[in-house]
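Novice: One structure, as structure tokens, below. Some questions next.
The values are calculated or read from the model by the stated rules, or taken from the named source; none is laboratory data. Keep in mind it's a predicted model, so treat the numbers as computed, not measured. Quick reminder, even Gly has a Cβ in these numbers, built from the backbone with ideal geometry, and neighbours come from all protein chains shown. With ligands, DNA and RNA removed, areas are computed over all heavy atoms of the protein, side chains included. Shrake-Rupley method; radii C 1.70, N 1.55, O 1.52, S 1.80 Å.
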Amino acid sequence: MNTDRTVSTFVDFFRDRGHQRITGDSLLRPPGDPVLFTTSGMHPLTPYLLGRPHPLGRRLVGLQRCLRTTDLDEVGDPTHLTVFEMLGSWSLGEYGGPQSLRWGYELLRDGFGIPPGLLHVTVFGGDEQVGPDTDSLRTWNELGVPVELTREDNWWSNGPTGPCGPDSEIFVWTGDTPPSGTPGTDGRWVEVWNHVTMRYHRGEDGGLRLLRQPSIDTGLGLERLLTVLQDKPSVYECDLFDPWTSTVPGLWDTDEVSLRIVYDHLRSGVVVIGDGVLPSNTGRGYVLRRLIRRVLTTLWRDDPSRTLSDLPTEPLEHTLDHFRQPGGTGPVRDVLLDEERRFSRLLERGRQVLSRQGYDGSLREQDYGYLHETHGLPRELVDGLRGSRG
Ligand code: SER
């Protein structure tokens, strides 16, 4: 099942059950939002989960692009991506958790053809403040799906304050052997779908208050689902990444982890640029700058003559099309190449400064401070240049 069919199967399933499709927001949050980027499917819906009526009604379905920098160091492993997409379904104060779980089970089994014997779920087992999620436990018992109870792993919030509540996560077995263990004991259980009962609001003082109307928020990572449905060992082998994996390795011959960093960071960079961000030294622009510079550092480690101007148009075009970003590949390529030139000049200056006397031994804090403030050389880059001198 390819990407388009996977998305339409999900959306149509919920449409048939009275949900209206919402258009996914851009990655950029409006002014006043404390975070830089949309980090989960429910994020743009926060006011509605807190009780404001949504113009499209109380049952919604959608696909939302998200960006998480918390996972940046994990990029390169089989499952973590910087920009990813979440399919989601929402009940704004209408049906409850058991209905959501039953539909989830039905869609995975009948819509996506996942054998029920390959499913395992986790459920909130209760803590000092909130009792166990008995509704979810009972529902899964009735459906005959094995349950593991946890505490922290089954409590969802999008930050220290705001809507939150117990969740139930659905895992699919990806091992070559018959299923064994539980999600908590065997990493071959891969989490695909999270159903949250947003029942509480956590205030500034850390206290929980009950929401007037609890809502259901579910999120299913598109790329992880594709990996399972297409029976691939990593997200990078799904059809979504074909335009990258069919062009980049022929261009830049390097190891698998480096290739994954290049695919992920370049693709994420293209989406961020497509949403209107330019590289800079603060905020969103700094995240973009780090992504592009990490690609360049990775490529130049093996061969400093590599350049992003060799990048074929196909992966850029496919990415912009997939995320429905107008404007064409030309402006995106210009931003990438401009950043490459800046970084290259900065490295050159860094080499010259560091080759001067006084920077041979270990550096003091004031050296780092001087190099940064006077020469624009961040610590990371100074360390990298000193390390690469051997
Ligand atoms: N908010 C939950 C998550 O991000 C479900 O959408 O996993």
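Here's the yes/no breakdown for (1) within 16 Å of the ligand (Cβ to nearest atom); (2) at pLDDT below 95; (3) over 30 Å from LEU299 (Cβ atoms):
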| residue | (1), (2), (3) |
| --- | --- |
| ASP176 | no, yes, yes |
| GLN213 | no, yes, yes |
| ILE216 | yes, no, yes |
| LEU225 | yes, no, yes |
| TRP244 | no, no, no |
| ARG260 | no, no, no |
| ILE273 | no, no, no |
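Novice: Which of (1) open to solvent by less than 10 Å² (accessible area, probe 1.4 Å); (2) of a type outside the set (Asp, Glu); (3) touching a strand residue (DSSP E or B) at 6+ places or on another chain (Cβ under 8 Å); (4) within 16 Å of the ligand (Cβ to nearest atom) does TRP140 not meet, given it meets every other one?
Specialist: The number of the failed condition is (4).
Novice: Now for a separate question. How many residues are modelled with pLDDT under 90, farther than 23 Å from ARG199 by Cβ and open to solvent by less than 40 Å² (accessible area, probe 1.4 Å) if we restrict to the range 27-68?
Specialist: 1
Novice: Of the residues ASP360, ASP383, ASP338, ASP334, which single one is in a helix (DSSP H, G or I) and either touching a Gly at 6+ places or on another chain (Cβ under 9 Å) or modelled with pLDDT under 90 (or both)? Even if it seems obvious, please write down each step before you answer.
Specialist: Working: ASP360 fails: in a helix (DSSP H, G or I); ASP338 fails: either touching a Gly at 6+ places or on another chain (Cβ under 9 Å) or modelled with pLDDT under 90 (or both); ASP334 fails: either touching a Gly at 6+ places or on another chain (Cβ under 9 Å) or modelled with pLDDT under 90 (or both).
On inspection, the qualifying residue turns out to be ASP383.
Novice: Is it true that GLY250 is in contact with a Ser or Thr (Cβ under 8 Å, 6 or more places away or on another chain) and small (Gly, Ala, Ser)?
Specialist: On the way: in contact with a Ser or Thr (Cβ under 8 Å, 6 or more places away or on another chain): no; small (Gly, Ala, Ser): yes.
Judged against the criteria, GLY250 is not a match.
Novice: May I pose another question? Against the definition (touching a residue at least 60 places away in the same chain (Cβ under 8 Å), within 14 Å of the ligand (Cβ to nearest atom), buried (at least 18 other Cβ atoms within 10 Å of the Cβ) and more than 21 Å from the chain's Cα centre (by Cα)), how does SER168 come out, yes or no? Step through it out loud before you land on a result.
Specialist: Numbers: touching a residue at least 60 places away in the same chain (Cβ under 8 Å): yes; within 14 Å of the ligand (Cβ to nearest atom): yes; buried (at least 18 other Cβ atoms within 10 Å of the Cβ): yes; more than 21 Å from the chain's Cα centre (by Cα): no.
Judged against the criteria, SER168 is not a match.
Novice: From the residues in the range 107-148 that are without any contact (Cβ under 8 Å) to a residue 24 or more places away in the chain and assigned to a helix (DSSP H, G or I), which one is nearest to ARG17 (Cα to Cα)?
Specialist: Filtering the range 107-148 for residues that are without any contact (Cβ under 8 Å) to a residue 24 or more places away in the chain and assigned to a helix (DSSP H, G or I), the one nearest to ARG17 (Cα to Cα) comes out as ASP110.
Novice: Hey, another quick one. Only residues in the range 210-228 that are free of Cβ contacts under 8 Å to residues at least 60 places away in the same chain count as the first member; pair them with residues that are open to solvent by 10 Å² or more (accessible area, probe 1.4 Å), Cβ under 9 angstrom, at least 6 apart or cross-chain, and list the lot.
Specialist: LEU210/ARG199; LEU210/TYR200; LEU210/HIS201
Novice: With respect to GLU85, is the statement that it is more than 16 Å from the ligand (Cβ to nearest atom), part of a strand (DSSP E or B), touching a residue at least 24 places away in the same chain (Cβ under 8 Å) and not aromatic (Phe, Trp, Tyr) true? Quick ask: steps written out before the conclusion?
Specialist: On the way: more than 16 Å from the ligand (Cβ to nearest atom): no; part of a strand (DSSP E or B): yes; touching a residue at least 24 places away in the same chain (Cβ under 8 Å): yes; not aromatic (Phe, Trp, Tyr): yes.
The answer is no for GLU85.
Novice: Going through the range 302-320 one residue at a time, which ones are within 22 Å of THR82 (Cα to Cα) and assigned to a helix (DSSP H, G or I)?
Specialist: Scanning the range 302-320 gives LEU308, THR313, GLU314, PRO315, LEU316, GLU317, HIS318, THR319, LEU320.
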